[in-house]
Amino acid sequence: MVDGATAQQVPPEPPWTGRVQLAFEDRYVLVTANGYEWRARPDDVREATADERAAYDAAVSRRGEP
């Protein structure tokens, strides 16, 4: 999933992409490729694109994790 609430315009930063660890009615718990965990509101998340998923998977692979 991609959390649109984490995107920044200044300095320009893309939204965070993470895997869903837990899903509650009012929030998701996601984890980045480097292991950082955060909560996101359902209204702020969307499915990651193929390119975003590939970038996530490549970052995980560089860390040597499955």
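The values are calculated or read from the model by the stated rules, or taken from the named source; none is laboratory data. Nothing here was measured: the structure is a model prediction, and the numbers come from that model. Glycine gets a Cβ as well: all are built from the backbone with ideal geometry, and neighbour counts include every protein chain shown. These accessible areas exclude ligands, DNA and RNA; they are computed on the full protein's heavy atoms, side chains included. Shrake-Rupley method; radii C 1.70, N 1.55, O 1.52, S 1.80 Å.
Overview of values
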| item | result |
| --- | --- |
| Residue in segment 11-23 that is of a type in the set (Phe, Trp, Tyr) and open to solvent by less than 80 Å² (accessible area, probe 1.4 Å) present | no |
| Residues of segment 35-56 that turn out to be in contact (Cβ under 8 Å) with a residue 24 or more places away in the chain and assigned to a helix (DSSP H, G or I), as a count | 5 |
| Among residues of segment 1-34, those that are over 17 Å from residue 60 (Cβ atoms), assigned to a strand (DSSP E or B) and over 10 Å from the mean Cα position of the chain (by Cα), counted | 5 |
| Unique residue being surrounded by 12 or more Cβ atoms within 10 Å (Cβ to Cβ) and modelled with pLDDT of 95 or more when the list is 40, 55 | 40 |
